[in-house]
Every structure is written in C-alpha cells, then in structure tokens.
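Let me begin by presenting the structure, written as structure tokens, before commenting on it.
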Amino acid sequence: MKILTGNDLVSGDVIWWAGDGWSRQVGDSADVGERGDDLARTEEAALRVVGAYVIDATVSDDGVRPAHIKDRIRALGPTVRPDLMLKPNDADAGNWVI
Amino acid sequence: MVEFLSFRDGEATQEPSVTVEAFTGQTNSTAVRIEAGEDARELLPHLDRLSLVEVNFPAYGDGRGYSAARILRESGYQGELRAVGDVLVDQIVAMRRCGFDSFHPAKPLDDDAVDRALNRYADVYQKAIDGRTPVWAKRHPETTNG
Amino acid sequence: MYRYDSYDQSIVDARVEEFRDQVQRRLTGALTEDQFKPLRLMNGLYLQLHAYMLRVAIPYGTLSGKQMRKLGEIAAKYDKGYGHFTTRQNLQYNWIKLADAPDILAELATVEMHAIQTSGNCIRNISSDQYAGVSADEVADPRPWAELLRQWSSFHPEFTYLPRKFKICVIAGDDDRAAMKLHDIGLKLVERDGKIGAEVYAGGGMGRTPMVAPLINDFMPEDEIISYLEACLRVYNRYGRRDNKYKARIKILVHEIGVEEYKRQVEEEFAHMRTLGLNPPVEELDRIRAFFAPPAYDTGLSEDIDRADPAFALWVDRQVAAHKVPGYAIVNISLKPLTGIPGDASAEQIELVATLAEQYSLDELRVTHAQNLVLPHVKKADLYAIWQKLEEAGLAEANLDLITDIIACPGLDYCALANARSIPLAQKIAQRFAAAERQAELGELKVKISGCINACGHHHAGHIGILGVDRRGVENFQLSLGGSGAEDTSLGQITGPGFSEDGVVDAIEKVTDLYLAERESGERFLDTYRRLGMKPFKEAIYG
C-alpha cells in the first residue's frame, strides 16, 4: 500500500495521513493509492503538514509497517531512546524497526 | 507589491541590455546583462560607456552575482547596477551592501517586508561597497577615521 | 572570554526579531516551505527525521557557566530534556517546535549566544582548539582570531550564498586537537620575527571526497588576514562548482585547478583586496584579545593530588591534562559513558557542568570536536571534589582517546540524511571493549562513525573509521583504517567489503588483536598500522 507522511508544521511531530486527517500513529495510516501527491500539496497549502511524501508500506495483523527502515524509525522514534519512542512499553519495538 | 525598486536619483535606465559577448564586441550599447558564471572583469575596460549593468540571479542560492557587483564597484563603476531574477526580500540588504542600487525581481516584493528588511540592522560587521561604517570602525574612530 | 558590546548585542537581537517575523510569515502561510527553508537554515533550524532540530553556535567551543546553564534550561523547557554536542563544537536540540524557535533564540541572545549561520551555504561557526589559552605549546591564544573571524563572517554580504558550506578552524600550536587541515580553510598561528601571523591551509574537508588541505600561505599577518580571506572566498564564490552539490566544496576547486593555480588567483585577488581598507585596525584585534587575557590565577598552589581512591586515580591519569600554570590542570569530561549516546547530555548534566565551571574553572568551559567537554582552569586541589560530582552524575567515565571514546554522528536514529544508525554501533563497540584494562592496553585509539557519506562523524579521520551505508534497505558498515585528524593528518583506507552491525564489531576486534600481537614498543594502533600497511589487517579481517 501507499501511505502519506510528513511533519506537523507547528510542532514538527511526525504525522501520518489517516484518511480524514493526520495521526501521530503510523497504525492509523490510510492507503492513499494514487492520490498521495495531490493530498500532500493540498495539505501543505492548508498549513497542516510540511515535507509530506508518499512511501510504500505493508499491512498485516501487526498493523501498518513502512517498507524502509528510515520510515520505521520515523514512525516509532529513535531506537536508542526507548523512553521517547511511541511504544515505550513495547519490548519488541526495536525488532519492528529492523 | 513592488515590481521595481531603485535607490538611484532620477529615472531608471530603460535601454534593453545585451549579453556580455555582444557588449564587448560592439561599441554603441550602454547596457549589459551578466549571467551567473560570466566574468564581470571583462567589462572593466568599458566602464565609462556603461550606464546599466544587470546581474542575473538564476536562483536565490546562486551567489556569484554578489561578487560580480562588488568587482564592478571596486573598480569604480558608477552607473546603475541592477539585480534581476530570483531576488528575495531577505537578500536586498546584502545586495545593497555589494553595490546594487536597483532591483527587478522575477516575483514582486512586499513593500512592508522591504521596509522592514532595510531598517532591520543598525550595524554591520564588514566594510563593503555601501559606505556603511563597520562596527570595528565605530569602536576605533581615532584610528580608522570613521 | 569575549563579551558582547552594544553593537554585537543589537545585531543578535535584530536577528531574533527578523526570525520571529519570518516564522510568523511561515505560520500564517505568507511564506511557503520553499521560501522559508533557506531562512530557517541560516538560523540553524532543520526539519529532521522526527521533528525540527535547532543547532546552536558555540563559537570556537568556548562557553561561560551562565551560557551553559542557559543551554540546559532550554533543553528542559523546550526540548525533551537533553541536547547533543556535535563534532563542530555546537549543540543540537532534537525536538523543537517551530513556534518556539524565536523564543529560544531570544533566550540565547540574553546570554550572548545565537544560531546564526549554523547551517546554509555560508561561513559556519569558527572552530578551534579546546585547550586554547591553557596549552603550553601555543604561540598565542587562537580565540581572538576566531572571534575576529566570527564577526567578519556574520552576515557577510558577499559570501552568504557560496557554492556550499564553508568551515574555518584556527589553532595555534603544533599539536592539532581540532582537525585543522580537514577544514575548508585552516589557520595555524605561528610566530615570525616576534610577530604573530597565520599559516593558511585551504581545500581540506571530509564528506564524499576527503582531502587534506595544502598550505597556500606561510605567513599572513594579523592586520591583513581579513582581506586575504576575502580573496580566498571570492575566488571560491566565483569559480567553485555549482552544477553538482557533491563537487561544490572548495576542496574540489583547489583539486581541479591545482593548488598553485588557486594560490595564484588568490594572490591576484589579494593584491586588489588589500587596497580596499577591508581590514579592521590592529586595535580591534587588541580589543578582542583583552577579553582573552589570562584569568586571575592563584599562585603558590599545591601540585599534589591525593590518589588514595583508585577509581579517582584512574580518572586523573586518563582525563586530566597539563595546564600551563602551576597548580592548575585541564579536566576533560567524557560524554561517552559506555551505554550512553556519544555527545548527549541531559539538562541536569548540563546544569551540573555549568555549576562546576563557575565553582572550579574560573567560569569557563569548552566543547571538543570529539564531543566531550573541558573544564580548562581547575586547581589540582579541587580535582577530587569535581570527580565525585561527575561520578554522581554519570560523567566520570575515564576513556579519553581510548577505544570507547567514540565519535558518532546522530545517524539514522535522528538524521534524515543518514543511511544507517551510528549510535547503536558505538554502543556495541563500547560494550565489547568495556573492560578498563582492555581499553588501557589498547591505548590511544580513535574510533569515528558516520551514518552517511557526509562524514559528520569524521570517519575518514578515525584510526578506525566506520561509514554506514544502505544496502538494499539494510544497514551496512564499511570499515577504514589509518585516518587521523591530528597534526599527522591522514585519511583512512577502506578495508574491503562491508559488514553488518555485529560483523563490524568482530572486525574491529580482529584488527585490535593483530595490533596487540604486532606492535613494537611505544606504538599506538595508528603507528603499527602505518608501519605494517593494510595487508595484514585485511588478512586478519577477511582471512
């Protein structure tokens, strides 16, 4: 699937397009199909996102997983600071990234 | 919005500019346009017949035009020196400092933003072309004659 | 230390207001991201992997206690309670909100700090020797020159849109602790006929195409250095490549036209530049120099250090360096705890070091390019008290210049440009070699890790260098040997095919084992490598 990500313009937080708005959780990502670039432009113009880009991802029982390690790290946070990751209590978070 | 900005007295030069190659190969033109990467020093033998030099900025990040402007002014060029192309409001002050005295940006500038930019910094650290007294000279008026 | 006068302060204050205005225009949509990006970069604000990142300039790596305390306060108030000291002697905050950035700059301005030109294709923060002013071998304190250059390069009207970024370093002795020859321009102060001037090196750098800077002038006097640098920069601004950002640094220009031709063009430009009155009068450098006059040292101090506590004695032997004044010492504070993140410090640790600087180091501290901190003026009698406080705060690691004192860029954990994670690898190496005896046995061994070809982790200059690459979406690491950023500057050579994270740790163990087996008396790892060459090391790794 194709998903859309970027950063919140004001806070800089990593955000994911959830179909009707933006979410901090990659698991909320919606498949944007071919509409990603158009969405990115519209949402950037509306000042809701900065640096938006479309990536490949897979979806399974474990949820949405970006195809590239860089985006998996974006989704969770720095692997060397588990206390700051979005799943601080998930011992498996590191493996999910790699 | 400002389409054309001049700091010169009197009318801006209207004559269409020609390329450096065309200019140095003929004698009747008085306006020339320097592209990024062209050598401003080629114009030095002809400064007395020039009334307008346009310096093109193909992209705001291409800073070669700043050197071109200073080279012309350091060599005594007194005519109009116009920045054209991708010229942003946040660059006007630096361009003024390098000797540009008119601006024809590809995209018009906001009047208020231009005013704010021009009046933002009361002091400068370097001696340049615009005659502003650098901070070091203000600190040592007795040895630098202002 | 240098103190702002009303001119310096008003320029920095104006910059804060200008940026506040620009951020406002961005938040209301008057500026698009394309228009805003160059403006925020000139103020050190990046959009990084997770958030906005702010890089604060620490000019020539020197700070007062008050400035350090402010850095800690900002980390606690606006970030997630920590900051990262970089190989450019700067500090980065990783979690900044755009709307807060102007307030942070305003807070910095209250302690005479800023983030001006910490990014962008302009002249960056001037770097220098962390032992400036306290090292016995320097001919003069390099920091007055660095401050003169800081002011000259700030908002330079001609050199703000260079082909690429431009880094300048100033040192003043034969020992190079700042990787001077790996800068776009390196200055080494020297004395000639009783006068101080600079040897000028140009065209060094790391990145994709590492080069050691050649000498282009063997004595530039202090009253002409500015016009000479203007000449160096003008030639670069006019002729540096702009068609390919990977070939845009001055090193490529110097390499392509040749150092003699570059020198010739600079001299020609300089002959013209020196007539334009661009140099501040010598009184200006004298004015700046007065701020760096030696502080009021006590005399008649004891040289004794009570070494009864063995852990303290170990730390003293490793972390404390000779000061030029009797009774004083230089304290190196390691930011490389074995399980920590190289260069990271919590708000509380930053606050503690600020207090230590005020109480014990004449209100001064330094940041090193190896991502450690320095208390430059410590009485030997105070060393034990300082060590105890550092120990409590997790800052008493005794590993300066040892295999676990690893330089690592933020890597893929934080950086949008990175291909691989640097920090977890640094941690694995540190854990493999954690035993103090083993580290001591290996002696000086500089390991430097970059997460991408941009080489922020100085891997080319590592005795052991590691470069992270992306091999079809998987992290992979290339190993190189034989680099040095010191006075014997050299560039490392790649050993061969790359490794996984665990594989590179194994490979390091093989080359260090070989070193231990083959070294001759007094040889460091680097010396043995230079004597033997790559071949036996390669065989040890790939068998």
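We did not get these values from a lab; they are worked out from the coordinates using the rules stated. The shown structure was predicted, so the numbers you read here are calculated from the model rather than taken from an experiment. Cβ placement follows ideal geometry from the backbone for every residue including glycine, while neighbour counts extend to all protein chains displayed.
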## Note on the structure
The set of residues whose placed amide H lies less than 5 Å from the amide H of C:LYS446, leaving out same-chain residues fewer than 5 positions away, is C:HIS463, C:ILE464
## Note on the structure
For the table C:LYS37/C:LYS245; A:LYS70/C:LYS165; B:LYS138/C:LYS167, the rows whose alpha-carbon distance is greater than 21 Å are A:LYS70/C:LYS165; B:LYS138/C:LYS167
### Message
What's the magnitude of the charge dipole for segment C:342-442 around its Cα centre, counting Lys and Arg as +1 and Asp and Glu as -1 at the beta-carbon? Answer in Debye, nearest 20.
### Response
340 debye
### Query
Nearest 10 degrees, 0 to 90: what angle lies between the long axis of helix A:36-45 and the longest principal axis of chain A (Cα atoms)?
80 degrees
### Task
May I ask you to evaluate 6.51 cos²θ - 1.76 cosθ + 1.60, the Karplus curve with θ = phi - 60°, for each residue of segment B:24-41 and list the ³J(HN,Hα) values in order in whole Hz, giving x for glycine and proline?
6, x, 9, 10, 9, 7, 10, 10, 9, 10, 9, 8, 4, x, 7, 8, 4, 5
### Query
When the Cα centres of segment C:390-453 and segment C:241-276 are compared, how far apart do they sit, in Å?
37 Å
### Karplus-derived HN-Hα couplings along segment B:121-130 (A = 6.51, B = -1.76, C = 1.60, θ = phi - 60°), whole Hz, x at Gly and Pro
9, 6, 9, 10, 8, 10, 7, 9, 9, 7
#### Entry: Contour excess over end-to-end distance, with Cα ends at C:ASP309 and C:GLU523 and 0.36 nm allotted per residue
74.1 nm
#### Entry: DSSP-defined beta bridges in the protein assembly as shown - what % are antiparallel, rounded to 5
70 percent
### Message
From the mean inverse distance of alpha carbon pairs (Kirkwood) and the Cα radius of gyration, derive Rg over Rh for segment B:5-144.
### Response
0.99
### Summary
Tilt, helix B:64-74 to longest principal axis of chain B (alpha-carbon atoms), in degrees rounded to tens, equals 80 degrees
### Summary
Non-local residues with an amide H under 5 Å from the amide H of C:SER484, with H modelled 1.01 Å from N and Pro and chain starts lacking one, are C:SER490, C:LEU491, C:GLY492
### C-alpha center-to-center spacing [segment C:459-529, segment C:53-101] in angstrom
31 Å
### HN-Hα J in Hz across segment A:70-85 - Karplus 6.51, -1.76, 1.60, θ = phi - 60°, x for Gly and Pro
4, 6, 5, 5, 4, 5, 10, x, x, 5, 8, 10, x, 5, 9, 6
#### Entry: Sorted by Cβ density within 10 Å, fewest first, the residues C:THR355, C:THR368
C:THR355, C:THR368
### Query
Along its principal axes, what span do the Cα atoms of segment C:73-199 show, with the longest given first and each in whole Å?
54, 34, 25
## Note on the structure
Computed for segment B:5-144: size of charge dipole around the Cα centre, +1 on C-beta of each Lys and Arg, -1 on C-beta of each Asp and Glu, debye to nearest 20, value 520 debye
### Query
By how many degrees, 0 to 90 and rounded to 10, does the Cα axis of helix B:111-120 deviate from the longest principal axis of chain B?
50 degrees
### Task
Take the alpha carbon atoms of segment A:67-89, find their center, do the same for segment B:76-118, and report the distance between the two centers in whole angstrom.
46 Å
### Task
May I have the count of lysine pairs in segment C:358-475 with C-alpha atoms under 20 Å apart, counting pairs 8 or more residues apart or located on different chains?
4
### Message
So if I take the alpha carbon set of chain C, get Rg, then get Rh from the Kirkwood formula, what is the Rg over Rh ratio?
### Response
0.95
## Note on the structure
Where a ≥ b ≥ c are root eigenvalues of the Cα gyration tensor, a/c under 1.5 meaning rounded, otherwise prolate if a/b exceeds b/c and oblate otherwise, segment C:250-327 counts as oblate
### Task
Would you order C:VAL254, C:VAL505 from fewest to most other beta-carbon atoms within 10 Å of each residue's own beta-carbon?
C:VAL505, C:VAL254
## Note on the structure
Other residues with Cβ under 12 Å from the Cβ of B:ASP9 give, with Lys and Arg +1 and Asp and Glu -1, a net charge of -2
### Query
What distance in nm separates the simple spin-label points at C:LYS389 and A:ARG24, each placed 7 Å from Cα in the Cβ direction?
3.6 nm
### Task
Take the alpha carbon gyration tensor of the protein assembly as shown, find the square roots of its eigenvalues, order them as a ≥ b ≥ c, and report rounded if a/c is under 1.5; if not, report prolate when a/b exceeds b/c, else oblate.
oblate
### Message
Modelling each spin label as a point 7 Å along the Cα-to-Cβ direction, I'd like the C:LEU27/B:PHE7 distance in nm, to one decimal.
### Response
3.2 nm
### Query
Taking the Cβ-Cβ separation of B:ASP111 and C:ILE257 as r and a Förster radius of 41 Å, what is the calculated FRET efficiency to the nearest 0.05?
0.40
#### Entry: Computed FRET value (nearest 0.05) for B:HIS46 with C:VAL111, which takes r as the C-beta separation and R₀ as 60 Å
0.70
## Note on the structure
In segment C:6-109, taking the dipole from +1 charges on Lys and Arg beta carbons and -1 charges on Asp and Glu beta carbons about the Cα centre, the listed residue (C:ALA30, C:ASN94, C:GLN67) farthest towards the positive end is C:ASN94
### Task
Output the Kirkwood hydrodynamic radius of segment C:6-109, Cα pairs only, in Å rounded to one decimal.
14.2 Å
### Message
Let's see if you can work this out: charge +1 on each Lys and Arg Cβ, -1 on each Asp and Glu Cβ, no other charges. What is the dipole magnitude of segment C:28-92 about its Cα centre, in debye to the nearest 20?
### Response
260 debye
### Message
Using helices alone, I'd like the mean residue ellipticity at 222 nm for chain C: each DSSP H run of four-plus residues gives -39500 (n - 2.57), total over residue count, nearest 500.
### Response
-11500 deg cm²/dmol
### Task
Would you order B:HIS140, C:HIS114 from fewest to most other beta-carbon atoms within 10 Å of each residue's own beta-carbon?
B:HIS140, C:HIS114
### Task
Quick one: grab the alpha carbon gyration tensor of segment A:2-92, order the square roots of its eigenvalues as a ≥ b ≥ c, and give me rounded if a/c is under 1.5, else prolate or oblate depending on whether a/b is larger than b/c.
oblate
